[in-house]
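Following: one structure in structure tokens, then a few remarks.
The values are calculated or read from the model by the stated rules, or taken from the named source; none is laboratory data. All values derive from a computational prediction rather than experimental measurement. For neighbour counting, all protein chains shown are included, and Cβ atoms are generated from backbone atoms with ideal geometry for every residue, glycine included.
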Amino acid sequence: MILQSLYQLAEAEGLAEDLDYQMVPVAYVIPLGSGPVDLIPRMEPPSDGKGKPRAAAMRIPRQEGRTSGDKAYFLVDKAEYIFGWDPSGKQSSAKLKNRHQLFRQKVEQALNDKRIGAPEANALQAVLAFLDLPEDQRVAPLLAQLGPNPSDAVRKDLGSALFAFAFTPAGPDPVHLLGGIQAFWRAQRESGPVAHPVICLVTGQPCNPMEVHPPVKGVPGGNTSGAALVSFNSPAFESYGLSNNANAPISRGASETCAAALNRLLAPSPIHPDGHRLPKRNLRISEDTVALFWNAAGGAELDWLLELNGDDPESIRIVLESPKAGRPAPLMDPSRFHTLLLSGAQGRSIVRNFLDSSTQKVATAIQRFLDDVRIEKPYGKVTGAYPLWALLRSIAALGKTENLPPNLASEIYLAAVQERPLPLFVLSAAVRRNRAEGPKGDAFAARCSLIRACLIRNNYPFVKEIPVSLDPSRPEGAYHLGRLLAVLDRCQQDALGGVNATLVDRYYGGASGTPAAVFPTLLRNSRHHLAKLRKEKPGLAINHERLVQEVMDGLISFPRTLNLENQGLFALGFHHQRQAFYTKKDPSSAATA
């Protein structure tokens with residue numbers, strides 16, 4: 001199902017119209033035939049306007065993946081193969097010499113082919129002449145790019161960059177795109193007759209199964225050189241006496257088509273084979289996990305889903321009901337929707353999950369998720385949902401998403417797009433971080449929004465409708481205990497002003513876990529704060545006394561302990577009451593559900 005969906009995407013977007021070539025960033029062109037060689041950079045600003053310039057994409061011959069062994073590409077390659085020199089200085093001279101010779105052999109093989117005409121032959125001879133230059137002359141253009149004191153980052157960038165050739169007398173096209181050379185390359189890639197009738201798992205047609213699948217690049221945690229689409233690198237993964245990829249026979253065309261679709265989905269700024277940019281279709285949800293998403297041809301635009309991780313998730317609501325560019329609104333679009341969650345580890349791509357649904361169902365689920373995580377925000381910010389990255393960071397130790405447990409980010413993302421309950425561990429993580437870090441700023445509010453979503457979605461029998469802001473009429477004692485802590489904290493602040501360690505800094509963890517051990521002490525201490533206020537601000541003291549009594553009316557007793565769900569309600573009560581202190585009162589308004 002996954003490979004077939006990817007195959008359909010590639011066909012719908014025209015990614016597989018010419019499988020012999022692919023669009024790849026090429027950083028430099030080496031001009032030949034017009035005097036001294038001086039590298040021509042091919043850089044362009046990033047599409048989002050952020051970061052440093054990147055190598056511009058160029059149509060180059062499609063190559064098979066490169067593993068730990070030496071393997072040259074045809075006419076477009078890295079400095080180690082073309083110049084026989086490593087900018088990072090890590091490779092041995094013997095290895096570099098071998099790689100340079102392998103690249104030269106590819107060029108020589110093309111020169112001796114009958115499809116090569118005179119213009120192409122002249123261009124290839126110029127390439128060979130450059131490759132045969134003494135090393136100091138050949139490497140001079142690279143040294144000029146490095147400069148006198150190159151940093152490790154500059155060396156790394158130049159070492160990973162791709163170089164192509166241009167032969168000025170043959171015209172503006174790169175050497176690898178000259179007519180006769182293209183004919184030679186396509187002939188090299190032609191499949192022979194089907195030796196054995198093996199059925200391709202993707203197309204259902206007889207095929208010679210692909211022995212080495214093309215690499216998929218950009219999977220978080222994976223190799224920078226990419227990981228194979230399908231691999232059987234150990235007998236433990238093989239069955240029925242079949243070896244390697246014969247266990248999952250896929251034709252070369254289907255394999256390269258699926259890989260083209262995956263690489264397009266993983267790219268931060270994808271480019272179509274004809275050169276125009278394609279919309280981004282991935283969300284980085286944690287350090288080691290990315291969510292890819294796409295829908296059937298003619299379906300609704302999906303750019304709105306990127307805002308789930310953007311600055312303003314609430315903007316999604318308007319888009320969900322709005323048709324665009326002649327396509328239906330997402331909430332009314334029945335087209336198929338797919339999302340694939342991938343992680344990388346030990347050179348492999350790991351499928352975390354795959355969802356096959358409809359755009360309409362996903363749009364409805366996202367709308368419901370935004371409702372469930374809606375919360376009143378601190379610092380006067382507009383009430384609404386936090387972006388996915390902020391929710392995940394709020395429950396991660398030290399605020400670093402790499403500290404999240406495996407699969408947790410995937411579960412929260414799937415809960416958003418599939419309208420399913422959040423795992424209990426989300427509630428546990430939010431409560432635990434509250435106790436460890438205290439109720440501070442946006443991180444606490446984001447955790448409260450996750451707590452609210454957990455309590456709503458998991459249908460706890462003792463919890464009724466969860467409000468976005470303060471609701472004094474709630475029946476749960478844990479909610480009012482949180483309110484009481486916020487009120488007592490406000491009494492201390494109004495009486496004493498700024499203190500080094502506030503009541504909340506010292507007692508939040510104990511008050512939320514073992515109320516009976518903490519609140520009697522806090523109430524006794526509050527008498528001194530109220531007494532001080534009666535002398536200095538009698539009106540404020542009366543208001544605080546009334547509020548304390550109002551909150552106490554919602555309590556029967558101080559329980560010895562609070563379970564996980566009640567600790568979540570405690571956090572919501574504290575957050576709602578504290579935000580109410582900073583919100584202008586509107587007599588006509590009620591608590592928003």
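Annotations for the structure displayed:
- Conditions (1) under 25 Å from ILE2 (Cβ atoms); (2) surrounded by fewer than 19 Cβ atoms within 10 Å (Cβ to Cβ); number of the one not met by PRO378: (1)
- Count of residues meeting criterion [under 19 Å from the mean Cα position of the chain (by Cα) and more than 23 Å from VAL351 (Cα to Cα)] in segment 197-221: 0
- Residue selected from segment 504-528 under the condition farther than 18 Å from VAL431 by Cβ and in contact with a Leu (Cβ under 6 Å, 6 or more places away or on another chain), by the criterion surrounded by the fewest Cβ atoms within 10 Å (Cβ to Cβ): LEU522
A quick yes/no check of all residues on (1) aliphatic (A, V, I, L, M); (2) touching a Pro at 6+ places or on another chain (Cβ under 8 Å); (3) part of a helix (DSSP H, G or I); (4) touching a residue at least 40 places away in the same chain (Cβ under 8 Å):
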position: ALA516; (1), (2), (3), (4): yes, yes, yes, yes
position: HIS528; (1), (2), (3), (4): no, no, yes, no
position: GLY539; (1), (2), (3), (4): no, no, yes, no
position: GLN567; (1), (2), (3), (4): no, no, yes, yes
position: HIS575; (1), (2), (3), (4): no, yes, yes, yes
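- Qualifying residue in segment 437-447 (condition: acidic (Asp, Glu), under 23 Å from ALA390 (Cβ atoms) and not assigned by TED's automatic domain parsing to the domain that holds PHE570): yes
- Filter result for ARG447 (within 16 Å of ARG393 (Cβ to Cβ), part of a helix (DSSP H, G or I), of a type in the set (D, E, K, R) and at pLDDT 85 or above): yes
- Of the residues making up segment 451-506, those that are part of a helix (DSSP H, G or I) and of a type outside the set (A, V, I, L, M) number 16.
- Residue list for segment 139-155, restricted to those being charged (D, E, K, R) and surrounded by 14 or more Cβ atoms within 10 Å (Cβ to Cβ): ARG155
- Matching entry among LYS440, LYS400, LYS377, LYS381 (being under 24 Å from TYR507 (Cβ atoms) and either of a type in the set (Lys, Arg) or touching a Cys at 6+ places or on another chain (Cβ under 6 Å) (or both)): LYS440
- Identity of the residue in segment 541-565, without any contact (Cβ under 8 Å) to a residue 60 or more places away in the chain and charged (D, E, K, R), that ends up surrounded by the most Cβ atoms within 10 Å (Cβ to Cβ): GLU545
- Conditions (1) over 19 Å from VAL319 (Cβ atoms); (2) over 21 Å from the mean Cα position of the chain (by Cα); number of the one not met by ASP372: (1)
- From the list LEU229, LEU266, LEU283, the lone residue that is buried (at least 20 other Cβ atoms within 10 Å of the Cβ), modelled with pLDDT under 75 and under 32 Å from the mean Cα position of the chain (by Cα) is LEU229.
- Enumeration of residues in segment 413-428 that are more than 16 Å from ILE366 (Cβ to Cβ) and crowded, with 21+ Cβ neighbours inside 10 Å: VAL426, LEU427
- Considering residues of segment 232-249 that are among the polar types (S, T, N, Q) and modelled with pLDDT under 75 only, the residue nearest to the chain's Cα centre (by Cα): ASN233
- Selection within segment 389-415 - of a type in the set (Gly, Ala, Ser) and within 15 Å of the chain's Cα centre (by Cα): ALA390, ALA409, SER410
- Extreme residue, farthest from PRO215 (Cα to Cα), among residues of segment 16-38 that are modelled with pLDDT of 90 or more and of a type in the set (A, V, I, L, M): LEU32
- Criterion (in a loop (DSSP other than H, G, I, E, B), outside the structural domain of SER225 (by TED's automatic domain parsing), closer than 18 Å to GLY35 by Cα and among the hydrophobic types (A, V, I, L, M, F, W, C)) met by exactly one of LEU133, LEU142: LEU133
- Residue count for segment 42-74 under the criterion of being β-branched (Val, Ile, Thr) and either farther than 17 Å from GLY275 by Cα or modelled with pLDDT under 85 (or both): the result is 1.
- If the condition is being part of a helix (DSSP H, G or I) and either without any contact (Cβ under 8 Å) to a residue 24 or more places away in the chain or in contact with an Asp or Glu (Cβ under 9 Å, 6 or more places away or on another chain) (or both), then segment 107-120 contributes GLU108, GLN109, ALA110, LEU111, ALA118.
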